[in-house]
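**Q** Got a structure for you, questions after.
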Amino acid sequence: MAKNFKNNYDKTGDSIALEQSVFVVLETVKGTFAAPTDSDFVFSIAGSAVTHTQPVTSSPHRSGRHNTDTYAEKKSTEWELPTFINIDTAAPGGDTARDAGVAVLWKSLLGNQTDSAGVSSIFESSVDPDITFSFYENGDIWSQQVRGSFVESLNLNAPGDGQAQANWSGAGADRVRVGIGKFTSDSNTTNIITLVSVTEAKRFPVGAQVMIIEDDGLVRSADTPNGSYRTVTATNIATGAVTLDGAVLADADGTTGTGFYLAYAEPASPTGISNIQTGLVGSIAIDGLGGTVACVRNFDLTLNNNHERVSYCYGSDGLSTPFFVPGDRLSVELSVEMNLNHPTLEWLYDLDQFTSQDIDFILGDVATRHLKIDLPKIIFTIPSTTVPESGSIPFSAEGIGYQTNLGSANEVTVSYL
């Protein structure tokens, strides 16, 4: 059922957590909001969040024993996005088996994307990350919109007794929080919308991405058709007037019916791939174990860009263009938990010698569309084995990913095949 903005505006109770949704949109211009479309929706799970802070410090001015004033420090905007691995197993190729927003996340993390129509979508680190995206976290009566976003790290956990899950995290240049307002005046031939309550203007800070909804709460105005939005350029909290960019309005007559609505940007019919690859089907191959593994209790991969955040420019209250610099090494950390047996005992000998391991992780059925992660050179630290009171004897091997040769930049390759 389509979201009804009239109903949400009329709501007198508190916001509901289950209404949360996320859109990830590649930015054409770094730090400039890109408009979300239906296909930019990404299925998320509980834990998605945008955190925006700006510390305020008590002034050190001499004022006796009593605090008198404050000064603000730099803004910090961060986000988290836990997801399952959703793959359209019936897609004609890997390039269409993943969501557009998910592809943006992988490219932001690893740097390079190569799509082969009807065949594959491959992400690897031969190119330094250099894109930003707009991150929209929408609720029922609110939205948090983050521009200039980028992926800092990913933790991919695939337990043998649970569901494979990807936990993305990153930062952004700035955040605006947007709501829903109502107007009953005719705003045609102008760019100013005057809301019925002056306090509602506080729901539309400068920079917010908004749309106009007609009196039924569903239909998008012709001034902001689906996938096309306006930017708030001025907000007057004394008069309730909100000024929008673009051409003068032509379909914003709030005298129609019970009034029109100004709302945060959201596509009319979000679509995303909802086909969770849990790990019930998949495989892990390790060359030191003859290329196959009988039982992996847990596979845990963490990729971290260790970006330098450009938060040091004079005259800016937050991150400045280009927002991040890939100035430190890409960190690839892997933990594999297994049971002690004849084959793994021999494998532990190789690990004692720091023999590098080529590891292939596959999630899904190789006969259809699936995810493959290639880690060609993992060097593990020497693991220890602790004997429990009963049962099998598990151990964890933890290692770091390396490029196979100088300049190959191939610590990790992620493929939708």
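**Q** Quick check of the Kirkwood formula: for the stretch 180-264, what is the inverse mean of 1/r over all pairs of different Cα atoms, in Å?
**A** It is 12.2 Å.
**Q** Given H placed on each backbone N at 1.01 Å, which residues far from GLU27 in sequence or on other chains put an amide H within less than 5 Å of it?
**A** The list, which skips near neighbours in sequence, is THR132, PHE133, SER134.
**Q** Another question, then. Whose amide H sits under 5 Å from the amide H of ALA171, counting only residues 5 or more places off or on another chain, with H placed in the peptide plane?
**A** TRP79, PHE150, GLU152
**Q** Still on this structure, please answer the following. At a Förster radius of 51 Å, what calculated FRET efficiency corresponds to the Cβ-Cβ distance of ASN167 and ASN236, to the nearest 0.05?
**A** 0.80
**Q** Across the stretch 160-170, in residue order, what do the Karplus-derived ³J(HN,Hα) couplings come to in whole Hz, using 6.51 cos²θ - 1.76 cosθ + 1.60 with θ = phi - 60° and x for Gly and Pro?
**A** Each residue of the stretch 160-170 in turn: x, 10, x, 10, 5, 9, 10, 10, 8, 8, x Hz.
**Q** Here's another thing I want to ask about it. Only Cα pairs within less than 10 Å get springs; with that Gaussian network setup on the chain, which residue of VAL151, VAL293, VAL24 has the largest fluctuation?
**A** VAL293
**Q** For the pair ASP365 and LEU406, how long in nm is the line joining their label points, each one 7 Å along Cα→Cβ?
**A** Each label point is offset 7 Å from its Cα along the Cβ direction, giving 4.7 nm.
**Q** With everything on Cα atoms, drop me the angle between helix 342-352 and the longest principal axis of the chain, reported from 0 to 90° to the nearest 10.
**A** With both axes taken from Cα atoms, the answer is about 80 degrees.
**Q** Got a sec? How would ASP130, ASP223 order by Cβ neighbour count within 10 Å, fewest to most?
**A** Final ranking by Cβ density, sparse to dense: ASP130, ASP223.
**Q** What number of lysine-lysine pairs in the chain show an alpha-carbon separation below 26 angstrom, given a sequence spacing of 8 or more or placement on distinct chains?
**A** Taking the Cα cut-off of 26 Å, the pair count is 16.
**Q** Something else now. Would you pull out the residues with amide H under 5 Å of SER126's amide H, same chain only if 5 or more places away, H placed 1.01 Å from N?
**A** Distant-sequence amide H within range of SER126: ASN112.
**Q** Can you give me the angle between helix 100-110 and the longest principal axis of the chain, using Cα atoms only, in degrees from 0 to 90, rounded to the nearest 10?
**A** 60 degrees
**Q** What is the stretch 180-264's relative contact order, in percent, from Cα pairs under 8 angstrom and six or more apart in sequence?
**A** Taking the mean separation of contacting Cα pairs over the length of the stretch 180-264, I get 45 percent.
**Q** Which one, LYS11, LYS182, LYS377, has the greatest fluctuation when you compute a Gaussian network model over the chain with C-alpha springs under 10 angstrom?
**A** The residue with the greatest mean-square fluctuation here is LYS11.
**Q** To continue, here is another question. Pick from LEU340, LEU330, LEU301: which is most flexible by mean-square fluctuation in a GNM of the chain where alpha carbon atoms under 10 Å apart are linked?
**A** Largest GNM mean-square fluctuation: LEU340.
**Q** Here is a follow-up. On the Cα set of the chain, report Rg and Dmax in Å, please.
**A** When restricted to the Cα atoms of the chain, Rg and Dmax are 25.2, 80 Å.
**Q** Hey, could you get me the Stokes-Einstein D for the stretch 256-390, Kirkwood radius over alpha-carbon pairs, 25 °C and 0.890 mPa s, rounded to whole µm² s⁻¹?
**A** Rounded to a whole number, D works out at 124 µm²/s.
**Q** Next up: Restricting to DSSP H runs of at least four residues, report the calculated mean residue ellipticity at 222 nm for the chain, -39500 (n - 2.57) per run over all residues, nearest 500 deg cm²/dmol.
**A** -2000 deg cm²/dmol, from helical runs alone.
Read-outs throughout are calculated quantities, based only on the coordinates presented, and are distinct from any laboratory measurement. What you are looking at is a predicted structure, and each value in this text was computed from that prediction instead of being measured. Don't worry about glycine lacking a Cβ; one is built from the backbone with ideal geometry, like all the others, and counts go over all protein chains shown.
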